[in-house]
Amino acid sequence: NGKLPENFMTSALWNKKGWLIVGHSNFYSLINPVSGKVMNFTIPTPPGQAAPMATSVCVVEDSRDLIWQASTAGCCVFDPKTGHQKLLDMNSGLIGSSVVGIVEDQLHTMWVVTEHGISNVMPKKEENGEWTFLVRSFTTKDGLQQGSYNQRSVSCTHDGLILVGGIGGVDIIDPKLVTNVGNKETT
C-alpha cells in the first residue's frame, strides 16, 4: 500500500492501544486497524550520539510506551514522550550486539535475545525522567542451549513463560524463578 515507506516488513505486533506496530527497513509505523490510518516514525538522533540503525529486526512497544528496536547493532530503546534514546549492546551487558528478538514478560521486564544469549532488562524511571536499565544476561553456563537463536523467535505465553527458539530447540524461562546474576546497570 502507498502509505508505508517500505515494502519489506520485519515485524508486526499489536500495541496496548490496539494499533499494529510494524517494523521495517525505515524504522517503524503504527497502523490503526479500524480507520486504516498509518503513521510513520523514525527514531531521532540526539546530539553526540550515534544514529540508531534504520533497519529493524523487530520493533516492540512496551507497557511503558517505550519503543524497543532490535538491530544488528544492538537494541535501541526510545522514549517518544521525551525524545531520548539509549542503545543497549555488549557494552551494556548484552551477550553480543546482534539482537534477534524482544518480548515483555508479565512482570513488565524485557527479554532481549541476541544470537548467542538472552538478557533480562529491567527499565527504571529515575526522578529526573530519564530511564536506566538493569541488564542480567544468561548463556549456556546458565542452562541455555548452545548455538544461535532464531530471529523473532521469542514469545511470552499466557501463563508467563518466555519461549526462545534456536537451532537447538526451545528454551523455556520462568521469569519468576530468575535470580539476580550478572547484573549490569546502564544509564
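Quick notes on this structure:
- Rounded to the nearest Hz, the phi-derived 3J(HN,Hα) couplings of the stretch 94-111 under the Karplus curve 6.51 cos²θ - 1.76 cosθ + 1.60 (θ = phi - 60°) are 5, 8, x, 9, 8, 7, 10, x, 9, 8, 9, 8, 6, 8, 6, 9, 9, 10, where x marks glycine and proline.
- Once both labels are positioned 7 Å from their Cα atoms along Cα-to-Cβ, the gap between Met90 and Ile167 label points is 1.9 nm.
- Taking packing as the residue-averaged number of other Cβ atoms within 10 angstrom, the listed peptides 65-71, 156-162 run from highest to lowest as 65-71, 156-162.
- Each peptide among 144-154, 26-36, 112-122 gets the average number of other Cβ atoms lying within 10 Å of its residues, and from highest to lowest they stand as 112-122, 144-154, 26-36.
- Shown here: the stretch 136-176, whose C-alpha atoms stretch 27, 20, 15 Å along the first, second and third principal axes, sorted largest to smallest.
- Over the stretch 96-187, Cα pairs under 8 Å with separation of 6+ residues give a relative contact order of 26 percent.
- The stretch 50-143: relative contact order as a whole-number percent, Cα under 8 Å and 6+ apart: 18 percent
- Proximal lysines to Lys86, defined as alpha-carbon separation beneath 23 angstrom and excluding residues fewer than eight positions away on the same chain: Lys16, Lys124, Lys125, Lys184
- Listed residues Gln145, Thr82, Met110: farthest to the positive end of the dipole of the stretch 1-145 (Cβ charges): Thr82
- Between Ser25 and Glu6, the distance separating the two model label sites (each 7 Å from Cα on the Cα→Cβ line) works out to 0.7 nm.
- Diffusion constant of the chain at 10 °C, which comes from Stokes-Einstein with the Kirkwood Cα-pair radius and 1.306 mPa s, µm²/s: 95 µm²/s
- The mean sequence distance of close C-alpha pairs (under 8 Å, at least 6 residues apart), as a share of the length of the chain, puts its relative contact order at 13 percent.
- Built from the Cα atoms of the stretch 90-183, the convex hull projects on average onto 6.2 nm², one quarter of its surface area.
Any read-out appearing in this document is the output of simple, stated calculations on the displayed coordinates, not a laboratory observation. Bear in mind that the values here come from a model prediction, so they are computed numbers and not experimental data. Here the Cβ is made from the backbone with ideal geometry for all residues, glycine too, and neighbour counts use every protein chain on show.
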